[in-house]
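Engineer: Mind having a look at this structure? Questions to follow.
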Amino acid sequence: MDQKRILDSGKYLNEFADRINYLADIKGGLEWGSLKELLQRVQNLRSNMFDLREDELFVELDQIDRRLEYMEDLVAQDLSPIEVVNIVRSPQRFTLQDILENCYDSFTELGGEGECNIDPAVVVARATITRRVKNKIYYHQVMVIGHEKGYGEEFRNGGCAKPWGNEKALRYMKVAETEGIPIHSYIFTPGAYPIEDYPGAAQQIARNLFQMARLRVPVVAFISEGGSGGAEAIGLADIRLMASRGYYSVISPEGAAAIEGRIKEGGKVPRELVEHCAAQLKMTAEDNLKLKTIDRIIQEPPLGARRNNFGFFKQLRYEMVRATDEVVLQTKSFRAFRSYALKRQGKEKDNGRTFNDEFDIHIKWSLTESEKKRLVELRSRKYRALGKGYKELRQSVLSRLGHAVESVKQNYYDIRYGLLRQHSRQVQKLIEEVSSEGSVFLKTVTEPVREAYDFVFPKPKVANGINQYDPLRKSIFMQEWEQYISPLANEDKTVSCPNAEKYGCKDLWVPDLYGEFSGVCPTCGHHFPLEYQWYLENLFDPGSVREFNQHIISANPLKFQGFDEKLKKAVEHTGRRSAIITFDASVFDIKIVVAMLYSDFRSGTVGSAEGEKFIRACDRARTTRRPFLAYIHTTGGIRIHEGTLGVIQMPRCTLVVREYIDSGGLYIVVYDNNSYAGPVASFLGCSPYQVGIRSSRIGFAGPRVIRETTGADVPPDYHSAKNALKRGHIQGIWDRREFRKNLFEALMTMGGPHLYYK
Amino acid sequence: MQASQQIYSSPKKTATIFLKNIVKRDKIIIANRGEIAIRIMRACRQLGLDYVVVYTEEDRCSGHVRAATVEKGEDAAFKISNYKDPNEIFSVADHCGATAIHPGYGFFSEDFRFARRATVRNRPISFIGPRWEVIRDLGSKINTKRIAKFLDIPVIPGSDEPIYSEIEAEALAEELFQKQREEGIKRPSILVKASAGGGGMGIEEVTHLDVFRQVYRRIQNYAKRQFGDEGVLIEQCMKDYHHLEVQLLCSRHKEVVHFGTRNCTIQSTGRQKRVEVAPGFDPEYVHYPFDAAKVLDEIVDYSIRLAKEVEYDNVGTWEWIVTRDGKPYLLEVNTRIQVENEISACISRISRQKGPVNLIKEQIRTALGEKLRYSQKHITFEGTSIELRIVAEDVKRGFAPWCGTITRFEFPQEPWLRVYTHVPHDEPYEIPTEYDPNLALAIVWGQDTEEAKIRAKDFLTRTRIEGEDSLGKPIVTNLAYLKQKVDDVLRFL
Amino acid sequence: MDINLNDLLRKYKSHPYEDHQIKVPHTGTVRLHVKEGQDVTGPSGQWRHRPGTLLYVLEREGNPKRMTSKYTGTVAELRTELEGCFVQAGEPVMVIRHRLNKEEIIDRILREVLYVYAAPQRARYFFTPEVAVAIDKDRAKAFNIRPGDEVLIMSLMKRDSLLAYDGPEGVLYKVYFKHGDLIEQGAPLLGICAPDRLPFVEKVIQRIRTEWDD
């Protein structure tokens, strides 16, 4: 007996060492408390184990155990956000593999196994999950999709999905849809692997979101480590659960600190700043529940679940079944769902923290056609209600009147397009001939180009003054002087073209460059950035731009320290209240709705206000049956200061875009200057028609982030429009000077007879 | 936005130009090379104006650099990287305090952006040439044609704006063929051009209406591919014509005079002029099947009409085509001084004014805001003048340029002869490979055409040019070709 | 083989430097940013996309242009009297004394081993488009060249003419010119190695590799 205890004590010592290391992980090193000394004691004990007397050994073991317990309680009492992040990152934390083994009864990995895998960071498995109802066992088939961080295996890539890994996930989501089985999605990723290789990190995430928006099976997601866009790639779900010691964030605390502290590449980011950012980002489960970006928290042990916390897995299994039940029941009837949900509450009260994993009833997870439809509708409703971290200014009477007009208009369009569609085609034809949208298409094929030409070389206009009837007083070049001229042109100096060495471009005189040349180097065609106002003036028919929803403004929903001042500065600098401008406009008389992200306001980052305005513009395009143009002057990604409220705009906006496109809308995205990260990986990248303006850069992460994540340098032209075209991210590259003409042609070619498919 | 318009129009600056009377304070930067630089220097000298020249590494041995440094010292010549880089010109201009820029011909002479920049920059510099708006508006052939049509000035029949519709194009083509047939033209033909093109690219001749559609589509596709604009121009294809020019001089005070006409029909295959003669026609020398004097009067009148309409304000050349039956058509306007300006000056006399006419001098004077101080009635014409352009080129091999080192360059000295060259007489000269191998310009004057011809040939016979290329082969020039072509001047062959 | 490798190596070992004169590309005002004797570096990074040390700023027409070093080496013959002065195009500003590294020594010595096809005229040179593509596509693969092959375009007096290669047949081992550069007559354009001499060339390279210490 004693001999066994002595042998067991070896096991204890190993366990002690694990516990000490785990605490060190959480506290960021052995320096905290007396961890180092304690570990030394464990190591000493291990080497002297057989030299000590038995009772001495047990006393020592007991002391260490008690000391450890004390320290664990101490740590658990006051976990800071950065410590939660450390828990998630600890190699001792449970992984998807543990869940598959402990929560599911059997599983078969699909699309690769272990290292032999298109992307070992993404695991897909066909699995069965069981439920006990009064001692009877029922089996459910599900598709499990998730990230596998592994226990230190290099090939798992820390759970960072490559584009083809996300593609694999999407492929099996579609399999699940075909088979009509629910999807359980497990998010364990610090972020997507930021490479542009085909199909590209951003493009693939966008495609996933676009499909998940209307996936016709229940999806339940569980978040342990929710790293921004990488999490969203498999995270658009009907119910989102989150581990109590998990984190879900727009960016890693270190990344946020580097941006906030303007730390140069390779520079040391102060630890205090990282901790500060971790707190500001509101990334814990409680924070996210408050922000409504998750639906429920699954309780872990106070210091987080490790791979041997079997009780946790038991609970997780119960919760996953439960959540799937709820999604299914919601599609059936509200009452069934209510009573089911109420029962659960009662049960929790009764049992407190110890719980019963038995179910009262068995619920089948297959859905009828009408239930599937309802499922998708409910998902739409759910996401539309999320992420509302913006402010609404009180509207004046006048604009409220405008709102009334809007709703009347909506009725008009509902009748015109909704009802008429049911009627005979002849009536519709008659409408076509009298309405502008229809008549545009009736013109001959040569007409458009002519119109385009007339715009560039208009017939001489009648001038004022003595020579009123003399057409010669105005040269054919008059138009260019009447047009908007960039304020950049107002300086007597020259600038160098970045391609001067390659193409021998001469220094450009600024008034020429930003005036007549539209910011384009006449030698090599390099596009110098121009302010967004230039596009407002030169892209659309003069006077046709009518902005709307100006009353939705950016705010600081997380109360991120220092952000109020930054926001104030942006407002003062731009005279605008968000990074997006949404408006009605026309291009050669074709009416379109436009959303424009521009650089001057917080680098065109997307937060709640931007997402909401985008959604409203997209809906407006849908109700008025107009093409929808997203012109991206620049976007720096999701606004980190809005945390997951910003991240949630990715699935939200994509979902609305999907609905627009499904209803027959023509959605065109044009990228200019720099377009990166979240927006590209969602509501922009999902467009079937994406175009880059020359000299623009398009991608998921910038060169610095790529270097820091992958350790590899990327070529200077890695994100160039030309390479984006090569990889198939965009369909073409447009010259700025021909933007208007190309846009018109694109609308004519890609649009249906009404510039709207159905 | 308002501010940026300000930079494009500066009424105050224009006013100062008008008020300025003492030209002598000006300092001219000569933004050109070779013989024109030398002629501009001479004009400056005559006007008592200071000047500086610029040169590139390749041109360091060029005569214009030597002449400038000999006369004004080392500080009168600045080495720049490229004659075609406007930034270099302005940089040197500011450094040496130049107040006016003479662009010569080629390079910036017809670059309205350069002229505009000179005028509107923070430190304005007078551009010796017309107002930039005029350069711009007459720089476009389509625009010029449009204005001419409005003023009832004959232009080559055809479209005066790009055509985008095939039906429209075909109708116009048919009309042009019909018109030529009515005029009794035996082999009528039309040209189909890409509107955005230039320099001979995207042009095809159509001789039968049947193939028009095919050619039209080809050019349209070409234009779309090449220039991104599928606009096409259609015009009558002119054959068998003389190339005439009208020399005008206008001041900033709405004064307009002309210095007669020139005939520049003799050209190399690349449409480069080789022998020019003034006046444009000489009915006393050769018989024309039309009233030549009347045609000359007509084209002068038309040219003046257009100049007045656009308020032209410097020297300019109106290029005309005159067909064998004496019909003139306006081709284009060159808003600059031309190489051959001096043959017009050579046959012109201004009463009450001493010495020969120098059009470059007049150009500088008027550009700096002076009045002409004479009118058309003070200008008379006397004799015939021929210009010969001596070029190191192989006429037999498609006028291929020759390059190498010139070891001997001698020509006679005569009172009836003026030779301009940047090639030094006293030391070997390597022709820079970066520029055209023009060697010299000879201007011959005679009491009448016959005498001018004899003198021209005499000059060519007595001129000696020797040199060899890197392989030791002797120099090739066009002296023999010029001698042969002198016989062809002013005749319809 | 008729070259004395030992002598060549000794020569380079006694003076392993190459001086690069830095001239201003165009007119403007000069502001120096280095000191005499200062070490400077050339462009770096995998794509040589990180510019070298800032040598001087040349300002013309309100455009201060940062002129960075194309070579790694030491600043010499710095003309401090030019500080703040207006200079003409081509004015020498300094010399950068560059210490040749192993690869460069190999390159220099190879010039004496390979058949060097020199520029017949002072002109601009280009590869014919097909050849340019072939060379670009697979740098590792040997590109064979035979007499009579039209490999280069010579651009002279605005006219382009095809140049027929007239040296011995062999492998294109080295390209000495930059596409479209103005090359002086007699300057090397291509380095060609006869197939049977390839082993010898490899041997020379091998020897320099072992004997030269950077």
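The values are calculated or read from the model by the stated rules, or taken from the named source; none is laboratory data. Predicted, not measured: the structure shown is a model, and the values here were computed from it. Here the Cβ positions follow ideal geometry from the backbone for every residue, glycine too, while neighbour counts run over all protein chains shown.
Engineer: Which one of these does C:Leu58 not meet: (1) within 14 Å of another protein chain (Cβ to nearest Cβ); (2) farther than 29 Å from B:Asp75 by Cα?
Structural biologist: (2)
Engineer: Do the conditions hold for A:Ile668, that is, is it touching a residue at least 12 places away in the same chain (Cβ under 8 Å), surrounded by fewer than 24 Cβ atoms within 10 Å (Cβ to Cβ) and part of a strand (DSSP E or B)?
Structural biologist: Judged against the criteria, A:Ile668 is a match.
Engineer: When B:Gly398 is evaluated against the numbered criteria (1) within 27 Å of B:Gly280 (Cβ to Cβ); (2) within 14 Å of chain C (Cβ to nearest Cβ), which criterion, by number, is the only one it fails?
Structural biologist: (1)
Engineer: Another question, then. In this structure, does A:Tyr138 turn out to be assigned by TED's automatic domain parsing to the domain that holds A:Ile205 and over 26 Å from A:Ser249 (Cα atoms)?
Structural biologist: Values: assigned by TED's automatic domain parsing to the domain that holds A:Ile205: yes; over 26 Å from A:Ser249 (Cα atoms): yes.
Yes, satisfied.
Residue by residue, here is whether (1) within 14 Å of chain A (Cβ to nearest Cβ); (2) of a type in the set (Phe, Trp, Tyr); (3) over 30 Å from B:Tyr481 (Cβ atoms) holds:
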site: B:Gln267; (1), (2), (3): no, no, no
site: B:Lys273; (1), (2), (3): no, no, no
site: B:Pro279; (1), (2), (3): no, no, no
site: B:Ala293; (1), (2), (3): no, no, yes
site: B:Leu306; (1), (2), (3): yes, no, yes
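Engineer: For the stretch B:253-267, state whether one or more residues are among the aliphatic types (A, V, I, L, M) and outside the structural domain of B:Asp297 (by TED's automatic domain parsing). Spell out how you get there, then give the answer.
Structural biologist: Just the residues of the stretch B:253-267 that are among the aliphatic types (A, V, I, L, M), to begin with: B:256-257, B:266.
When the remaining residues are screened for being outside the structural domain of B:Asp297 (by TED's automatic domain parsing), the result is none.
No, every residue in the stretch B:253-267 fails to be among the aliphatic types (A, V, I, L, M) and outside the structural domain of B:Asp297 (by TED's automatic domain parsing).
Engineer: Of everything in the stretch A:90-135, what is free of Cβ contacts under 8 Å to residues at least 24 places away in the same chain and under 24 Å from A:Glu358 (Cα atoms)? Give them in sequence order.
Structural biologist: A:Glu101, A:Ser106, A:Arg126, A:Asn135
Engineer: Taking the stretch A:298-326 as the region of interest, how many residues are over 29 Å from A:Lys27 (Cβ atoms) and small (Gly, Ala, Ser)?
Structural biologist: Result for the stretch A:298-326: 1.
Engineer: Determine which single condition C:Met157 fails, assuming it passes every other condition in (1) free of Cβ contacts under 8 Å to residues at least 12 places away in the same chain; (2) of a type outside the set (Gly, Ala, Ser); (3) exposed (fewer than 14 other Cβ atoms within 10 Å of the Cβ).
Structural biologist: For C:Met157, the failing item is (3).
Engineer: Looking at the stretch A:182-211 only, could you name the residues that are more than 25 Å from A:Glu113 (Cβ to Cβ) and not in a loop (DSSP other than H, G, I, E, B)?
Structural biologist: A:Ala202, A:Gln203, A:Ala206, A:Leu209, A:Phe210
Engineer: With the structure loaded, tell me whether B:Glu414 is within 14 Å of another protein chain (Cβ to nearest Cβ) and either in a helix (DSSP H, G or I) or over 16 Å from B:Ala278 (Cβ atoms) (or both) or whether it fails that test.
Structural biologist: Values: within 14 Å of another protein chain (Cβ to nearest Cβ): no; either in a helix (DSSP H, G or I) or over 16 Å from B:Ala278 (Cβ atoms) (or both): yes.
Judged against the criteria, B:Glu414 is not a match.
Engineer: Starting from residues that are of a type in the set (Ser, Thr, Tyr) and at the interface with chain C (Cβ under 10 Å from one of its Cβ atoms), keep the ones in the stretch B:417-438 and report whichever is nearest to B:Glu342 (Cα to Cα).
Structural biologist: Quick first cut of the stretch B:417-438, residues of a type in the set (Ser, Thr, Tyr) only: B:420-421, B:429, B:433, B:435.
Applying the additional criterion that residues be at the interface with chain C (Cβ under 10 Å from one of its Cβ atoms) yields B:433, B:435.
Numbers: B:Thr433: 27, B:Tyr435: 23 Å.
Among residues in the stretch B:417-438 that are of a type in the set (Ser, Thr, Tyr) and at the interface with chain C (Cβ under 10 Å from one of its Cβ atoms), the one nearest to B:Glu342 (Cα to Cα) is B:Tyr435.
Engineer: For A:Arg214, indicate whether it is of a type outside the set (A, V, I, L, M), surrounded by fewer than 23 Cβ atoms within 10 Å (Cβ to Cβ) and in the same structural domain as A:Glu319 (by TED's automatic domain parsing).
Structural biologist: yes
Engineer: For the stretch B:451-477, what are the residues that are in contact with a Leu (Cβ under 9 Å, 6 or more places away or on another chain) and not in a helix (DSSP H, G or I)?
Structural biologist: Hits for the stretch B:451-477 are B:Thr463, B:Ile465, B:Thr477.
Engineer: Another question about this same structure. I need the strands (runs of 3 or more DSSP E) fully contained in the stretch C:134-214, keeping only those with at least 1 residues that are among the small types (Gly, Ala, Ser) and within 22 Å of C:Asn101 (Cα to Cα).
Structural biologist: Answer list for the stretch C:134-214: C:188-193.
Engineer: Since C:Ile106 meets every condition but one in (1) touching a helix residue (DSSP H, G or I) at 6+ places or on another chain (Cβ under 7 Å); (2) more than 14 Å from chain B (Cβ to nearest Cβ); (3) in a loop (DSSP other than H, G, I, E, B), which condition does it not meet?
Structural biologist: (3)
Engineer: If I ask for residues that are part of a loop (DSSP other than H, G, I, E, B) and buried (at least 24 other Cβ atoms within 10 Å of the Cβ), which ones from the stretch A:140-181 would you list? Steps first, answer last, please.
Structural biologist: Initial filter on the stretch A:140-181 (part of a loop (DSSP other than H, G, I, E, B)): A:148-153, A:160-162, A:180-181.
Within the stretch A:140-181, A:Glu148, A:Lys149, A:Cys160, A:Ala161 meet the criteria.
Engineer: I've got another one for you. Would you be able to say whether some residue in the stretch A:299-308 is assigned to a helix (DSSP H, G or I) and assigned by TED's automatic domain parsing to the domain that holds A:Phe222?
Structural biologist: no
Engineer: Please find, among B:Leu306, B:Leu296, the residue that is over 24 Å from B:Gly383 (Cα atoms) and not hydroxyl-bearing (Ser, Thr, Tyr).
Structural biologist: Working: B:Leu296 fails: over 24 Å from B:Gly383 (Cα atoms).
Result of the check over B:Leu306, B:Leu296: B:Leu306.
Engineer: Within the stretch B:216-236, track down each residue that is within 16 Å of B:Ser165 (Cβ to Cβ), within 14 Å of chain A (Cβ to nearest Cβ) and not polar (S, T, N, Q).
Structural biologist: Of everything in the stretch B:216-236, those that are within 16 Å of B:Ser165 (Cβ to Cβ), within 14 Å of chain A (Cβ to nearest Cβ) and not polar (S, T, N, Q) turn out to be B:Tyr216, B:Arg217, B:Ala223, B:Lys224, B:Asp229, B:Glu230, B:Gly231, B:Val232, B:Leu233.
Engineer: For the stretch C:78-98, what are the residues that are under 22 Å from C:Pro43 (Cβ atoms) and either out of contact with any Ser or Thr (no Cβ under 8 Å at 6 or more places or on another chain) or within 14 Å of chain B (Cβ to nearest Cβ) (or both)?
Structural biologist: Matches in the stretch C:78-98: C:Leu78, C:Pro92, C:Val93, C:Met94, C:Val95.
Engineer: For C:Met67, work out the one condition from (1) within 20 Å of the chain's Cα centre (by Cα); (2) in a loop (DSSP other than H, G, I, E, B); (3) not aromatic (Phe, Trp, Tyr) it doesn't fulfil.
Structural biologist: Against the list (1) within 20 Å of the chain's Cα centre (by Cα); (2) in a loop (DSSP other than H, G, I, E, B); (3) not aromatic (Phe, Trp, Tyr), C:Met67 comes up short only on (2).
Engineer: Now for a separate question. Take the conditions more than 14 Å from chain A (Cβ to nearest Cβ), under 21 Å from B:Gly139 (Cβ atoms) and out of contact with any strand residue (DSSP E or B) (no Cβ under 9 Å at 6 or more places or on another chain) and apply them to B:Arg213. Does it pass?
Structural biologist: So B:Arg213 does not fit the description; no.
Engineer: In the stretch C:22-33, what residues are assigned to a strand (DSSP E or B) and within 14 Å of chain B (Cβ to nearest Cβ)? Before the answer, list the steps.
Structural biologist: Within the stretch C:22-33, the first condition is being assigned to a strand (DSSP E or B), and the residues that meet it are C:22-23, C:28-32.
Scanning the stretch C:22-33 gives C:Lys23, C:Gly28, C:Thr29, C:Val30.
Engineer: For the stretch B:59-96, enumerate the residues that are touching a residue at least 40 places away in the same chain (Cβ under 8 Å) and either away from every other protein chain (no Cβ under 12 Å) or acidic (Asp, Glu) (or both). Reasoning before the result, please.
Structural biologist: Within the stretch B:59-96, the first condition is being touching a residue at least 40 places away in the same chain (Cβ under 8 Å), and the residues that meet it are B:59, B:61-64, B:66, B:83, B:89, B:92-93, B:96.
Passing the criteria: B:Asp59, B:Cys61, B:Ser62, B:Gly63, B:His64, B:Arg66.
Residues are listed down the side, and each one gets a yes or a no for (1) among the aliphatic types (A, V, I, L, M); (2) touching an Asp or Glu at 6+ places or on another chain (Cβ under 6 Å); (3) modelled with pLDDT under 95:
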residue: B:Pro289; (1), (2), (3): no, no, yes
residue: B:Val295; (1), (2), (3): yes, no, no
residue: B:Asn314; (1), (2), (3): no, no, no
residue: B:Trp320; (1), (2), (3): no, no, no
residue: B:Gly326; (1), (2), (3): no, no, yes
residue: B:Glu332; (1), (2), (3): no, yes, yes
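Engineer: Does B:Ala118 count as modelled with pLDDT of 90 or more, of a type in the set (A, V, I, L, M) and surrounded by fewer than 19 Cβ atoms within 10 Å (Cβ to Cβ)?
Structural biologist: Spelling it out, it is not the case that B:Ala118 is modelled with pLDDT of 90 or more, of a type in the set (A, V, I, L, M) and surrounded by fewer than 19 Cβ atoms within 10 Å (Cβ to Cβ).
Engineer: Please work out which residue is farthest from the other protein chains (Cβ to nearest Cβ), limiting yourself to the stretch B:136-167 and to residues that are of a type in the set (Val, Ile, Thr) and touching a strand residue (DSSP E or B) at 6+ places or on another chain (Cβ under 9 Å).
Structural biologist: Across the stretch B:136-167, the extreme among qualifying residues is B:Ile156.
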